[in-house]
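Before any comments, here is the structure.
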Amino acid sequence: MVKKKQLADEASASRPPAPRGQGASGPHAPEGITTIGQGVVIKGDVKGGEDFVIDGEVDGTIELPQHVLTVGPTGRVKAQLSAKSVVVLGKVRGSIQASELVRIDETGSAEGAIAASRLVVADGARLQGRVDV
């Protein structure tokens, strides 16, 4: 029993920060968040009605007009992104459009056009492209 709890705690600790201050409890993402796992590759269009975390790969378009998109540290995205807020901890190649915020953390890399009300780029982050704030 202790070992199972310890594994769940380790999974929670390794998960990227959950959008909007929600925390993970156990090995699964909180309710209302869809997670694309590290071994998953999606090619095509993604539309959603809840927050989204990408730890795998996505190639195409992602539309989450009322929600937060988080590209986790192992996430690799080659797409046109449209969301309320976008948090980049991994790699994004393509345009990013956010009605509120784009945040690129120190492990994050973004290459392409960014349009957002606010842009936060952490020390050590990589950003290449055009920015419209």
Test of understanding: among Ala122, Ala115, which residue is more than 21 Å from Gly39 (Cα to Cα), touching a residue at least 12 places away in the same chain (Cβ under 8 Å) and either polar (S, T, N, Q) or buried (at least 16 other Cβ atoms within 10 Å of the Cβ) (or both)? Ala115
Taking the stretch 68-85 only, how many residues are surrounded by fewer than 21 Cβ atoms within 10 Å (Cβ to Cβ) and either at pLDDT below 95 or under 13 Å from Val46 (Cα atoms) (or both)? 3
Taking the stretch 79-112, which residues are in contact (Cβ under 8 Å) with a residue 24 or more places away in the chain and polar (S, T, N, Q)? Ser85, Ser99, Thr107
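The values are calculated or read from the model by the stated rules, or taken from the named source; none is laboratory data. Computed from a predicted structure; not experimentally measured. FYI the Cβ positions are ideal-geometry reconstructions off the backbone, even for glycines, and counts take in every protein chain you see.
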